[in-house]
Amino acid sequence: MEKIYPGHQKKCKLTETKSETIQFLLGFSKSLHVIAYKNLKFENVLN
Amino acid sequence: MTQKKLSNRNSQTLTKKPNRMALQIEDSVLVRDYISGDEKSLEVLINRHNQRISSFIYSKVLDRDVTEDIFQDTFIKVIKTLKKGRYSEEGKFLPWVMRIAHNLIIDHFRKNKRIPKFEGNDDFNIFSVIGDDKLNAEKQIIKNQIDSDLRQLVEELPNDQKEVLLMRIYKDMSFKEISENTGVSINTALGRMRYALINLRKIIDKHNIVLTN
């Protein structure tokens, strides 16, 4: 697994995702509706 | 004395623990609430694990923008899976999200491997080696003017010379083909071409026309 990662792993630092990204995710979550029909599930993004 | 201290510490931890539990609603409860329609739970979940997941992704990709992208894709997958009811609760929400992020990081590196990206640096910039060989707007305009001027000059030539010149230069025919097409010998065609060029130069000199780009 580590073969495909870049070698300099010591550069770790604490980061946080921007609030815009979180807002987008929350918006996406609100707009996404899953409709179940028999065995199928349909994603529906209401925007 | 030591025993007293110990019992004190024990009582502290005992009193603290329920408080912390009360403040921190467990992930499994939040996930259940979210699945049943409480959008606020997702916000709590994202904010709670934001730093750990972002830092994990960043430690692998070392790029802020890519981190944002993978973080976003991770939670889009999480949201879809939860909403479709495919998530089985085993009390391992964070490890599950980390696994999704991990897989997306692998996808990111695989994609980059398949489509290698070359970025120039200070020592070597690819654009100093390859460039756009098309003329710029100004040179294109000048070239168009020269082409149209030249066409007018060619129109001034006698018909037989003009015919040979057009065939040779614009239609890219050989003198053999020209002689076959016009019904004259190769030498005559060559001579006409020679006179056509001489005459063009004469006209250009006479009118002081500058035909350079």
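Taken together, the values in this text are just the output of simple stated rules run on the coordinates, not laboratory data. Small disclaimer: the values here were computed from a predicted structure and weren't measured. Heads up, the Cβs are rebuilt from the backbone with ideal geometry, glycines too, and the neighbour counts pull from every protein chain shown.
Of all the options B:Asn112, B:Asn103, B:Asn136, the one that moves most in a Gaussian network model of chain B with Cα springs shorter than 10 angstrom is B:Asn136.
The modelled label-to-label distance between A:Asn44 and B:Asp107, using points 7 Å beyond Cα along the C-beta direction, is 2.5 nm. For chain B, take the longest principal axis of its alpha carbons; what is the angle in degrees between that and the long axis of helix B:2-23, to the nearest 10 within 0 to 90? Taking Cα atoms only, the helix is inclined about 50 degrees. Distance between the C-alpha centres of segment A:18-47 and segment B:135-213: 69 Å, rounded to the whole angstrom.
Highest GNM mean-square fluctuation among B:Phe175, B:Phe124, B:Phe93, for chain B modelled with Cα contacts below 10 Å: B:Phe175.
Of A:Lys18/A:Lys38; A:Lys41/B:Lys113; B:Lys40/B:Lys113; B:Lys60/B:Lys134; A:Lys13/B:Lys84; B:Lys84/B:Lys111, which pairs sit farther than 32 Å apart, going by alpha carbon to alpha carbon? Among A:Lys18/A:Lys38; A:Lys41/B:Lys113; B:Lys40/B:Lys113; B:Lys60/B:Lys134; A:Lys13/B:Lys84; B:Lys84/B:Lys111, the Cα-Cα distance tops 32 Å for A:Lys18/A:Lys38; A:Lys41/B:Lys113; B:Lys40/B:Lys113; B:Lys60/B:Lys134; A:Lys13/B:Lys84. The angle between the Cα long axis of helix B:93-114 and the main principal axis of chain B comes to about 20°, on a 0 to 90 degree scale. Our estimate of slack between B:Ser148 and B:Ile204, defined as 0.36 nm per intervening residue step minus the Cα-Cα distance, is 18.8 nm.
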